[in-house]
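One structure is given below, encoded as structure tokens.
The values are calculated or read from the model by the stated rules, or taken from the named source; none is laboratory data. Not measured: the values here are computed from a predicted model. Every residue, glycine as well, gets a Cβ built from its backbone with ideal geometry; the counts of neighbours run over all protein chains shown.
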Amino acid sequence: KQQNEELKERLLQLKKERNAIILAHYYQRDEIQEVADFRGDSFLLAQKAAETDADVIVFCGVHFMGESAKILAPNKTVIIPDERAGCPMADMVNVDGLRKLKAQHPNATVVTYINSSAEIKAETDICCTSANAVKVIQSLDSEEIIWVPDKNLGNYVEKFTDKKMIIWEGYCNTHDMLTVKDVEEMKAQYPNAQFVVHPECRPEVVALGDFVGSTTAIIKYCKESDCQEFIVGTEDGTGYQLRLDSPEKKFHFATKFLVCPNMKVNNLKKLVKCLETMGPEIYVDPEVAAKAKLSLERMLQVK
Ligand code: 13P
Ligand code: SF4
């Protein structure tokens, strides 16, 4: 505890010295969310990165999030607590595969989930996050969509459009692990609870949801709902904001396995260290970044 207090003090001092802003995804450890300037889902944090006046962005999340921040704010220094924090879903799609698909469907618009590398974004027409995926798809003129890399989110979005969707077979290892049996057991145990679920879960699990939405949407729904008890179908770090907003409500995570090991690689100690040493720093090839930026900016413009 004493050590944590010292680390927090050091962090405040360094933040001022460097004119840095700390952005933390809702899946980060509590000790990181506690000290962040902004907590958010992928969409909110990308917006914050694009808008900030700070010189340094410390991105506490996984690698593609830091990369997106750098692409949107190329003149800022973007650092991350640990470069090993990757996203397995982002690694499930490669440039060669996507180019082949584009050649097979030359009239299709490429829509890429923000959980992807800068190189993939550079091959993309427009990005999306789970918060705006449906809006993004509905904003497009083309009748054919190439969707990468999340098949579960793709299947969910497909229900809201008549467009033909060609869906890549990627998935999130953490959300995809949740099964119908897990949820049914929880519902039997907590019959008064509503089930809130992230669309990165399997379609048959999403179908059981009383509410389906991105991390921020889930947090907002639980805060505003009259219901007092929830079974939560998303990553366990979300509990920090859920409990902060509604200390009197009960939140049961649908399994104890809803933990993204990549998100948890970061901790307070590494956060302080990265501001001390100003590294690891995110670097994106400028040519790739310029192309990728267009696809992210198009997403930010969708209202
Ligand atoms: P959101 O932040 O868009 O809810 O996405 C969840 C996720 O898995 C981020 O890696
Ligand atoms: Fe990737 Fe899933 Fe972890 Fe998000 S929760 S970083 S999608 S593995």
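Within segment 135-146, identify whether any single residue is surrounded by 14 or more Cβ atoms within 10 Å (Cβ to Cβ), under 19 Å from residue 172 (Cα atoms) and within 15 Å of ligand 1 (Cβ to nearest atom), and answer yes or no.
Checked against the condition, which is being surrounded by 14 or more Cβ atoms within 10 Å (Cβ to Cβ), under 19 Å from residue 172 (Cα atoms) and within 15 Å of ligand 1 (Cβ to nearest atom), segment 135-146 yields no hits at all.
Which residues, counting only those in segment 128-160, are within 27 Å of residue 40 (Cα to Cα) and either part of a loop (DSSP other than H, G, I, E, B) or of a type in the set (Phe, Trp, Tyr) (or both)?
If the condition is that a residue be within 27 Å of residue 40 (Cα to Cα) and either part of a loop (DSSP other than H, G, I, E, B) or of a type in the set (Phe, Trp, Tyr) (or both), then 129, 130, 131, 132, 139, 140, 147, 149, 156, 159, 160 are the ones that fit.
Please return the ranges of strands (runs of 3 or more DSSP E) entirely within segment 16-75 where 3 or more residues are at pLDDT 95 or above, surrounded by 24 or more Cβ atoms within 10 Å (Cβ to Cβ) and not hydroxyl-bearing (Ser, Thr, Tyr). Don't jump to the end; show me each part of the working.
Working: elements: 20-25, 38-40, 56-60.
Passing ranges, in order: 20-25, 56-60.
Pairs needed: first member in segment 49-65, farther than 19 Å from residue 30 by Cα; second member anywhere, modelled with pLDDT of 95 or more and part of a strand (DSSP E or B); C-beta distance under 6 Å; at least 6 residues apart or different chains.
Pairs found: 49/57; 52/21; 54/20; 54/21; 56/20; 56/77; 57/21; 57/78.
All but one of (1) without any contact (Cβ under 8 Å) to a residue 60 or more places away in the chain; (2) in contact with a Ser or Thr (Cβ under 8 Å, 6 or more places away or on another chain); (3) in a helix (DSSP H, G or I) hold for residue 221; which doesn't?
Condition (2) is where residue 221 drops out.
Scan segment 25-38 for residues that are of a type in the set (D, E, K, R) and within 15 Å of ligand 2 (Cβ to nearest atom) and jot them down.
Pass one, segment 25-38, residues of a type in the set (D, E, K, R): 29-31, 34, 37.
Matches in segment 25-38: 29 only.
Determine, yes or no, whether residue 239 is within 30 Å of residue 19 (Cα to Cα), out of contact with any helix residue (DSSP H, G or I) (no Cβ under 6 Å at 6 or more places or on another chain) and free of Cβ contacts under 8 Å to residues at least 40 places away in the same chain. Reasoning before the result, please.
Working: within 30 Å of residue 19 (Cα to Cα): yes; out of contact with any helix residue (DSSP H, G or I) (no Cβ under 6 Å at 6 or more places or on another chain): yes; free of Cβ contacts under 8 Å to residues at least 40 places away in the same chain: yes.
For residue 239, the condition - within 30 Å of residue 19 (Cα to Cα), out of contact with any helix residue (DSSP H, G or I) (no Cβ under 6 Å at 6 or more places or on another chain) and free of Cβ contacts under 8 Å to residues at least 40 places away in the same chain - is met.
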